[in-house]
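**Student:** Dropping the structure in here first, questions after.
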Amino acid sequence: MIRRILEWALTIAKRLVDDTIPEKDLHAFLRKNLMDLDARIKSGEVSIDDPALGTIYEGVDRLRRQGFSDLPDFKLATTSSALIKPEGMVRLAEPILHQGIIAIGLLEKTLLQMEQNVALDESQHQNMEALLRHIEIRRQGGLVFNGQSSNHDRWLAVAVLSALFSRYAAGECDYRFLNSALKLNDWAFRYFRKRQDQPGGLPYLRAVLELEATLLEMTS
Amino acid sequence: MRVALFAPTSRSLYSRLVASAIIQQEKIELVGIFVRHLWSIKRIRTDLRREGPRLLQKVYEKLIAPEAISQGEANPLVDVANERLLNFRDLIDMSRRSGIPFYRVRDFNSKRTEASLKGLKPDLVAFTGGGLIRKNILTVPAQGVLNCHSGLLPRFRGMDTLEWTILEAQGALPQVGLTLHFMDTGVDTGPILRQHRVELNPGESLNAVRKRLEPEMVQLMCQGVVDLQRGILKAIPQEKSAGRQYFVIHPRLQEKAEMKLQRSA
């Protein structure tokens, strides 16, 4: 009897503290927001030249290849300059993480570099390893970015970090980064789920697409 | 040989089995038992940060109902405890009955622990869990601090190495296992003494594999202590670049590892 009460208390307590977002919630979120985005593009509310769309199209395409055939096929519907990525990147040797603060500009540049399939050099790999350790050890306490002026900026930076970790995991076949991206997404989801119509919605949508596509590709 | 035991809790079945095996050995003396305070804020904060929500499950399994938790499921460690007639309920009880000094400490790395340990002049510390050990403690025992890591070093360092090993495997099911090593200031980077490899059975659950490995951990640790006393174990340093540190696995990746193991049936 006592054991049953304890097990019941354990189940309740776990529900209260568990911050894992169920897969079905994330997939429902993706479907809804991509349908909305499709409608907004068709109505002209969102420009097809928005640079954020390029990576979203790519993410949708990756997911469609993994069996998500009900997602809108943006590629067929649009031919946009957003799909054309700029060439050439300056290699960045500066540390992304300095005294516990993450340099958001370098995060974005590294992500762009990876999207262009420009190989990272040794110092950048070391940067990534340091970032991984920082997030895994400090968890949400480690989400401190330079130049963040608001809570919203902070969560936008988390979305960029999550996309970067997913992209790196896929490129290096390193499950540890996918693991960290999943954790980052759990934290960010609570903030972004009701803010898709605000600025920042697209970067987060892109981060979730990147994460889900990578997870399916690496584990199927 | 003088051995001190470090244990995460006084009720840890693994720690109790190791302690009980050590005191039965000739030429080996258990000179002290160190157990961490359970309800220190620092410990709860550190453990919560590392383990996240699953800490609750661990607390329940390890502290509230350790022996009886696996009703209806095989628990080889409990079977070993029953076979060995482990008749003391915790390490406090054991220390009282055997006259072994018992130390309840807030932190294994504190000055107080260091002073108490130095007073015991141990040749070896058998570490059975409770966090990372710092240099001030690592240098006290003449031979070092012994740990049994539940993974194959040097490749898989850190947490949840069973799941990581399965996830990263290409093709056939990988070998998993345990590694006995001396601790250093890194995470599972100290010199390796011995390994125990096991095959995964197709269709086996992660939990079943973990349970199957637990008695092997006791055996590896105890045999390691005996063989160090006999002077027949050689420590082989690890190449730092030969492995990676893994962290607490996300439930979705853990589920994928479980599915991969199940699909192998």
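The values are calculated or read from the model by the stated rules, or taken from the named source; none is laboratory data. None of these values were measured; they are calculated from a predicted model. Backbone-built Cβ (ideal geometry, glycine too); neighbour counts: all protein chains shown.
**Student:** Return the residues of segment A:99-156 that are surrounded by fewer than 16 Cβ atoms within 10 Å (Cβ to Cβ), within 14 Å of chain B (Cβ to nearest Cβ) and not charged (D, E, K, R); say none if nothing qualifies.
**Tutor:** Scanning segment A:99-156 gives A:His125, A:Gln126, A:Ala130, A:Ile137, A:Gln140, A:Gly141.
**Student:** Pick from A:Ser180, A:Ser149, A:Ser123: which is at pLDDT 95 or above and either over 10 Å from the mean Cα position of the chain (by Cα) or part of a helix (DSSP H, G or I) (or both)?
**Tutor:** Numbers: A:Ser149 fails: at pLDDT 95 or above; A:Ser123 fails: at pLDDT 95 or above.
After applying the criteria, what remains is A:Ser180.
**Student:** Turning to a different aspect of this structure: Of these, A:Gly147, A:Gly142, which one is on the phi > 0 side of the Ramachandran plot and touching a Gly at 6+ places or on another chain (Cβ under 9 Å)? Break it down stepwise before answering.
**Tutor:** Details: A:Gly142 fails: on the phi > 0 side of the Ramachandran plot.
Answer to the check: A:Gly147.
**Student:** Can you pull out the residues in segment B:151-166 that are outside any helix (DSSP H, G or I) and charged (D, E, K, R)?
**Tutor:** Initial filter on segment B:151-166 (outside any helix (DSSP H, G or I)): B:151-160.
B:Arg155, B:Arg157, B:Asp160 - these are the residues of segment B:151-166 that are outside any helix (DSSP H, G or I) and charged (D, E, K, R).
**Student:** Of all residues in segment B:229-250, which are part of a helix (DSSP H, G or I) and free of Cβ contacts under 8 Å to residues at least 24 places away in the same chain?
**Tutor:** First, the residues of segment B:229-250 that are part of a helix (DSSP H, G or I): B:229-230, B:240-242.
Of everything in segment B:229-250, those that are part of a helix (DSSP H, G or I) and free of Cβ contacts under 8 Å to residues at least 24 places away in the same chain turn out to be B:Arg230, B:Ser241.
**Student:** Among what's in segment B:227-265 and is of a type in the set (S, T, N, Q) and either within 14 Å of another protein chain (Cβ to nearest Cβ) or in contact with an Asp or Glu (Cβ under 6 Å, 6 or more places away or on another chain) (or both), pick the residue that is surrounded by the fewest Cβ atoms within 10 Å (Cβ to Cβ).
**Tutor:** At the first step, the residues of segment B:227-265 found to be of a type in the set (S, T, N, Q) are B:229, B:238, B:241, B:245, B:254, B:262, B:264.
Narrowing the set further to residues that are either within 14 Å of another protein chain (Cβ to nearest Cβ) or in contact with an Asp or Glu (Cβ under 6 Å, 6 or more places away or on another chain) (or both) leaves B:241, B:245, B:254, B:262.
On the way: B:Ser241: 7, B:Gln245: 17, B:Gln254: 20, B:Gln262: 13.
Top of the filtered list is B:Ser241.
**Student:** Something else: What is the residue count in segment B:199-228 for residues that are in a helix (DSSP H, G or I) and within 17 Å of B:Leu152 (Cβ to Cβ)? Walk me through how you get there before you give the answer.
**Tutor:** So in segment B:199-228, the residues in a helix (DSSP H, G or I) come out as B:206-228.
Filter once more, so that each one left must be within 17 Å of B:Leu152 (Cβ to Cβ): B:206, B:209-210, B:212-214, B:216-217, B:219-221, B:224.
The number of residues fulfilling the criteria is 12.
**Student:** While we're on this one: Go through the residues of segment B:140-149 one by one and say whether even a single one is closer than 30 Å to B:Lys121 by Cα, aliphatic (A, V, I, L, M) and free of Cβ contacts under 8 Å to residues at least 24 places away in the same chain.
**Tutor:** Taking segment B:140-149 first, the residues closer than 30 Å to B:Lys121 by Cα are B:140-149.
The next check asks that each one be aliphatic (A, V, I, L, M); those that pass are B:140, B:142, B:145-146.
Imposing the further condition that a residue be free of Cβ contacts under 8 Å to residues at least 24 places away in the same chain reduces the set to B:142.
Yes, there is a match, as at least one residue in segment B:140-149 is closer than 30 Å to B:Lys121 by Cα, aliphatic (A, V, I, L, M) and free of Cβ contacts under 8 Å to residues at least 24 places away in the same chain.
**Student:** Could I ask something else about it? Can we say A:Gln148 is polar (S, T, N, Q) and touching a residue at least 40 places away in the same chain (Cβ under 8 Å)? Explain how you work it out, then say what you get.
**Tutor:** Details: polar (S, T, N, Q): yes; touching a residue at least 40 places away in the same chain (Cβ under 8 Å): yes.
Criteria met by A:Gln148.
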